[in-house]
Structure formats: structure tokens, C-alpha cells
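The values are calculated or read from the model by the stated rules, or taken from the named source; none is laboratory data. All figures in this text were calculated on a predicted structure; none of them were measured in a lab. Positions of Cβ are backbone-derived with ideal geometry, glycine not excepted, and every protein chain shown enters the neighbour counts.
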């Protein structure tokens, strides 16, 4: 390979790269994305190819113009919540839970037991919609249209359950600092249990079409292989870490809410390839079902919000009929929550790994800083290592099993 070619005036980095490759021989530089169906509309890979072998990859994550962390500085602590919906928009309820947990940690608030169980419930439903999206899209992009339809049908069985409690499928904003927007609607348990039974039937159909399918197996096994050492050193968590054989799940090893009161298994892989990541997500869906069934058996009654108008909006009847209720409503809405000065970090097990929120308060009703530890960002950081030296065709299943969500990466 010749020495790098210096850029001339007015020459772009892409042009310089093309000139360098032209001098190197038969290698090609091509753009994969952003209009490629597998790159989700924003991501672009600038690939250097030697025939069908990937020699180099320059990853451009694209621009969704989220501005999440700067926007959070402009509103009150509660007004940040709708922005969290737009991070991982496939499992927004987990984002909601993680953020309010960080604020409550800094404020020293202890939520009610019923609230904790409901937050677990909505997190597991969101985890299922996340994994179903990854599995269905991954099957489709390898030519499996029928399992894609089964996966989407399963996800569409769950989204109405999300809409039933929050009023929206994706932009949920369901949690509140100190509790939840509302308690569960009547007969919600029956609706959820009926829904997950249908999901399990659809998963069985996907399993029979994909897991031992020779074409699917050959495309997945041994490709995108990640070692334990690389997964740990790059900060990968969730399925990306567990597929390498590392037994690490925040729900089990750093339990929050009431996860220490339910029984479930941590699904781990063996060789860290695309097939292991597929299997891990598939089996985690069954573990989420197991958790949901236990939640409905163990969930206590009682309020979902703490009994303190300093932190939770008073009921409308109190706002309209008492001066105390009106003042409490006014102060929380205009001034925001009285979060003491300091900093806090809280993390939950998101659909793709450790989803953490680091917040800084100056002692007033608006955040000084909100930073999100987005698991997809770390998975994207290891992608180049997984594909360089391998075939061009292996990029699609490898990128799929990472399950990159653009809202988390470009924030």
C-alpha cells in the first residue's frame, strides 16, 4: 500500500481516499448506504473492497439532528421525559423508566411498590417490542419475508397494550418523577396475558422457519464474531456482551425496581457470532414472558404515586377546588421539581444493553446536564472490527444483530 496522498486545496477526504485507492491497484471504494435498505436511512459505510473482502470501513452514523442532551437543558426536569421517548424509539418505556430513576435517585425519592412492579411490566413489554423488531428486520434483510411478517404481527400485538396505558405506541411519556401518569386500566392483566400467548405462538412459527434453516444458519454462524475481551474493552453490554459468554445483566446482577423478587435466567451465548446474538434475543423474549406472568401474580395494590404534592402533581379535583392544590400544580409546572444540587447516575437494562442517565443539578427546577449512556453507541464502535477481513455479504447480518437505533447514537 502506498503512503497516504496529501489533500490538495478544495479536495474532499472522500476524493483523497479514492485517489489513494486508485494508486493502490484493484481495490474499490464504495458507499453502502444511506439509501441501502439495511442501513436504516441515515447510516453510511464507506467500504474499501478487495474483491468481495472488506479491507476497511469508515462508518458515518448520519444526522438525525436529535440534540437530545442540549434540549434537556431548556426545560424542567419533567419536560425532559418526552425527549427520552425519541432515544430508542423501539422501546421508549425503558427510556422513560431509566431517566426518572436517575432524577429520583438525586432527589432521594422512594417510589411505591405497585409503581415499581408496573415499571418492570412496561419495561419487559418494551424489551419484547425491541427484540421482535431486531429479529423480524434481521430475517427480512436476509430474504426471510414470512418470518418478518410473523415478527411484526407479534410486535403489533404488543403495541396496542402500550397504547392502552400511555395513549401512544412510541411517544409514550408514561412515567412521572415519583410515580406514573396513571394506574393500569381495567382488565389490563387479561389483555397482556392474552397478548403474550399470541406472541409465543408467532415466535414458535418464526423458530421453525429460521433457527434450523440451512440458508439462514450458514449466513449467521461464524460471522460477525466478537471475543469476550473485545466486548468488554469496547464497553459493549446487553446481548452484545452476553453472546460472548459473559453472564452480565443489570436486572440480575445490579437489581433495581423489584427484579430481585422475580425469577428469570440470563441468556448467554458461546462464541459471540451473529447466530448467538439471534438466539440470545429469541430466548430473552421467553424470559420476558416469564417475568410478566410473575409480575401480575405478585403486584400489590395501592397507589402508583407518592403522596407528596411537592414532587407529584395533585389530582385535578384538588387543583380546581383548593388553593393548596392550585399552588402545588402551578409551582411544579412553572418552576419544575426541586432537585437538590449534585449529580447522579442510574442505569437500567435496555433492549440493547446498559441504558444509563447521568444528570447534574444546580439546585433549581431545570437540569444543568443530562447525558445518556446509549448502548447502541458502543455496539457501533466495535462494528468495524467485526467486518474488516470478512465478506461484503456479512455486513448485513452483522449490522442487523447489533440492532443499531439511530436515535440513541445521534443524540
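Quick notes on this one:
- Some residue of region 323-342 being surrounded by fewer than 20 Cβ atoms within 10 Å (Cβ to Cβ) and closer than 23 Å to residue 66 by Cβ: yes
- Of the helices (runs of 4 or more DSSP H) contained entirely in region 229-307, those carrying at least 2 residues that are surrounded by fewer than 18 Cβ atoms within 10 Å (Cβ to Cβ) fall at 250-253, 274-298.
- Scanning region 358-376 for residues that are surrounded by fewer than 19 Cβ atoms within 10 Å (Cβ to Cβ), farther than 14 Å from residue 107 by Cα and within 23 Å of the chain's Cα centre (by Cα) returns 369, 371.
- Any hit, region 61-83, residues being assigned to a strand (DSSP E or B), touching a strand residue (DSSP E or B) at 6+ places or on another chain (Cβ under 9 Å) and more than 30 Å from residue 301 (Cα to Cα): no
- Verdict on residue 339 being under 30 Å from residue 135 (Cβ atoms) and in contact with a strand residue (DSSP E or B) (Cβ under 6 Å, 6 or more places away or on another chain): no
- Residue check, residue 117 in the same structural domain as residue 294 (by TED's automatic domain parsing), part of a helix (DSSP H, G or I) and closer than 21 Å to residue 189 by Cβ: yes
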